[in-house]
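Notes to accompany the following structure.
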């Protein structure tokens, strides 16, 4: 059985529920951006440009198709194609659960911001 991480362990993993210290900056730096574990400035902006969002979606779709095609060409069996399709579908449904089902039906206060935030949410909720 897995034990629940302590607050210190959760903070090391980036799962701390505390807000980042805005005064923390990289050593010798004159910028005022919050920094991460190794002193690198945190990137907190989302992509808002519609064309970039569509381009990102198309690149992800192309990467998925290419990886699937190469796998099927490597092992040319219906079994491999079927198992690959089941794996992709299952992961997509799990991702849907992580961001939609939790927010809408289980915990309306939770706001999904990625799979890491979801893992941290689960770790915090166990306590």
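Details
- q = 0.15, 0.23, 0.28, 0.29 Å⁻¹: log10 I(q)/I(0) that the Debye formula gives for segment 57-127, counting C-alpha atoms only: -0.66, -0.98, -1.21, -1.25
- Our estimate of slack between residue 73 and residue 116, defined as 0.36 nm per intervening residue step minus the Cα-Cα distance, is 12.2 nm.
Values in this text are rule-based calculations from the coordinates and carry no lab data. Here the structure is a predicted model, which means the values were calculated and not measured.
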